[in-house]
Amino acid sequence: MRPYVVAGNWKMNTTPGQAKALAEAIGKEYPAPEIEGFGVILCPPFPMLAEVLEAVAGSLVTVGAQNMHEQDFGAFTGEVSAPMLNSLGCSHVILGHSERRQYFAESDELINAKAKQAFAHLITPIVCVGETLAHRETGATNDVIEKQVRGVLEGLDALQIRDMILAYEPVWAIGTGKTATPEQAEEVHVYIRKLVAELYDEETADALVIQYGGSVKADNAAELFAQPNVDGGLIGGASLKAEDFLAIIAAAKSRASA
Ligand code: PEP
């Protein structure tokens, strides 16, 4: 059985006070450090990481960054490294989000290097892939997803695949209010899992957690998470409101205990 994992990507939002209040509101609903088959990750901006780590300490909630550099240290002004994130206590890092690909020209090759670096420093990568509207409308979705998946997973071993999270995030659904239908999401998740089975083996493909991301809201989370190959979600806008995010988390938790 794969776990259901919900991650909140706060992007470049929140003040320290808002970050603390939001993290405390989520952490206090899940005070036990573990619930079988279920996880919650908060990914605030870098300056809020320490605040958020402190706010959720001892709870089920873990903390991730939204990006990192592929080197350990050095003259890379403005960057943050995996050892830094690890020393703070971050368990996860989002890599290759479509906004990083679009605004910061991140390639599959770079994302792959970052994923390897995350593993080298005991941080679990949440690696994003997804097609644009033009890709979908021209029937190129599977080809684009295949190229991205092959590129970002290059050289990772089966144990790493079983440990990581892949997030399918159709670019046309991110922050647009247009959600993929549960069937559209499931179709791509199945495609990804089959590809991973070809690249590795069935067991590895079965163990890989594949989140859906793209305008997941309190009122559509349950039907998305009900799909057999959708193992939780990467949530942007709706993760900034405790009430909405808690409702999405509850939808994942009820799948985990079903
Ligand atoms: C995201 O940024 O990863 C995302 C899925 O955003 P939203 O939920 O706002 O579409």
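Miscellaneous remarks
- Within region 130-216, helices (runs of 4 or more DSSP H) holding 3 or more residues that are surrounded by 20 or more Cβ atoms within 10 Å (Cβ to Cβ): 141-153, 182-199
- Selection within region 214-235 - aliphatic (A, V, I, L, M), in contact (Cβ under 8 Å) with a residue 40 or more places away in the chain and within 12 Å of the ligand (Cβ to nearest atom): Leu224, Leu234, Ile235
- Pairs where the first residue, in region 8-37, is within 23 Å of Leu95 (Cβ to Cβ) and the second is of a type in the set (Asp, Glu), C-beta under 9 Å, 6+ apart: Lys11/Glu99; Ala19/Glu51; Ala23/Glu51; Ala23/Glu54
- Residue within region 103-120 that is within 13 Å of the ligand (Cβ to nearest atom), of a type outside the set (Asp, Glu), closer than 16 Å to Ile41 by Cβ and open to solvent by less than 20 Å² (accessible area, probe 1.4 Å) present: no
- Scanning region 236-258 for residues that are within 14 Å of the ligand (Cβ to nearest atom), more than 17 Å from Ala185 (Cβ to Cβ) and assigned to a loop (DSSP other than H, G, I, E, B) yields one hit, Lys241.
- Selection count where residues are more than 22 Å from Leu156 (Cα to Cα) and open to solvent by less than 40 Å² (accessible area, probe 1.4 Å), scope region 71-88: 1
The values are calculated or read from the model by the stated rules, or taken from the named source; none is laboratory data. Everything numeric here is computed off the predicted structure, so don't read it as measured data. Please note: Cβ atoms are built from the backbone with ideal geometry, for glycine as well, and neighbour counts cover all protein chains shown. Note: accessible area is taken over every heavy atom of the protein model, side chains too, but ligands, DNA and RNA are not part of it. Shrake-Rupley method; radii C 1.70, N 1.55, O 1.52, S 1.80 Å.
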